[in-house]
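Comments concern the structure below.
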Amino acid sequence: MAYLAPSEFVTKMVDAGESKIFMSTRDTVIRAYMAGAILALAAVFAVTITQQTGIPILGAALFPVGFCMLYLLGFDLLTGVFVLAPLALLDRRPGVTVGGVLRNWGFVFLGNFMGALTVAFMMAFVFTFGFTAPADKVGEFIAHVGERRTVGYAAHGVGGWFTIFMRGMLCNWMVSTGVVGAMISTTVSGKVIAMWMPIMVFFYMTFEHSVVNMFLFPFGLMMGGNFSIGDYFFWNEIPTVLGNLVGGLAFTGLTLYTTHVRTAPKRAVPGEARRLAA
């Protein structure tokens, strides 16, 4: 069967969360490293298309190729485990603890960051011929993204910080919907289609994705962007991570789990209730 009913794929979400919590440290870091690297390369790919064609929707439409590749290969993004791991805790799976969930998040963050940073260095090297020449227009554009999305938000103070937080929430609402979408189908084509749509929405709307930003901002600093490491973490990565956690869990994980696993009792038919009472 190519399609799974909601009650079936939400159970798969809980199973996946449990599996990730008990995964070995080595495998967790390796899979997260590769996910961060692939997503970073997909971001360069999409930005390059946008810059060369001047058509942003084209870059957004093709960016999901990276997400599809890493998901089909079984690699893990922080945005995905933010949604899946807590469900195993809520479902009271044996041996699942808060510490286990936090451990998984920590190692996935580390692996994603190392993978994205590796690609940031490699692409900076490529764009500058080994740091011996100025970057081309793609490199310059990415460098300026870092400035706009750190000090640009800082200019608005608390409002700017919470704007990033909200953009992070909206991002992982869509990205986690892509993760769940892949579980709806049992065919590769079905998984790809279900992932593609929400990922394209998030990228075109330039919502804040913590793992994509692990590439964009270090790359921008390597390209001489006018912002600091502190600006990056305080005015982008921290509110983005928190927004990704809240948005993905609230809008996707908890809603699906609550209504399809912890389903409320059905309302009694009025006539049937009177008959039983008599």
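The values are calculated or read from the model by the stated rules, or taken from the named source; none is laboratory data. Given the structure is predicted, the values throughout are model-derived calculations rather than measurements. Here the Cβ is made from the backbone with ideal geometry for all residues, glycine too, and neighbour counts use every protein chain on show. For the accessible areas, the whole protein counts, side chains as well, though only heavy atoms, and no ligand, DNA or RNA atoms are used. Shrake-Rupley method; radii C 1.70, N 1.55, O 1.52, S 1.80 Å.
Below is a table of values for the structure above.
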read-out: Carbon plus sulfur fraction of accessible area for segment 6-260, probe 1.4 Å, in percent; value: 74
read-out: With eigenvalues of the C-alpha gyration tensor scaled by 5 and rooted, the chain, Å; value: 37, 19, 19
read-out: Most positive-pole-ward Cα, Thr259, Gly247, Ile229, against dipole of segment 196-278 from beta carbon charges; value: Thr259
read-out: Where chymotrypsin sites (Phe, Trp or Tyr not before Pro) fall in DSSP loop in segment 84-183, at most 14 other Cβ within 10 Å; value: Phe129, Phe131
read-out: Residue (of Tyr3, Gly220, Thr79) at the positive-pole extreme of the chain, dipole from beta-carbon charges; value: Tyr3
read-out: Cβ charges +1 (Lys, Arg) and -1 (Asp, Glu), total dipole of segment 6-260, debye; value: 240
read-out: Probe 1.4 Å, accessible area per residue of the chain, Å²; value: 46
read-out: Compactness of segment 67-141, expressed as Rg and Dmax over alpha-carbon positions, Å; value: 18.0, 56
read-out: Three principal axis lengths of segment 1-115 [C-alpha, angstrom, descending]; value: 52, 36, 19
read-out: Those chymotrypsin sites (Phe, Trp or Tyr not before Pro) in segment 14-94 that DSSP places in a loop and that have at most 16 other beta carbons within 10 Å; value: Phe22
read-out: Residue (of Pro64, Ser176, Gly115) at the positive-pole extreme of segment 6-260, dipole from beta-carbon charges; value: Ser176
read-out: Set of aspartates and glutamates near Lys12 by C-alpha distance (under 14 Å), chain-local residues within fewer than 8 positions excluded; value: Asp91
read-out: P(r) tail fraction, segment 172-215 - alpha-carbon pairs more than 11 Å apart, %; value: 63
read-out: Principal-axis tilt of helix 188-204 within the chain, Cα atoms, nearest 10 degrees; value: 60
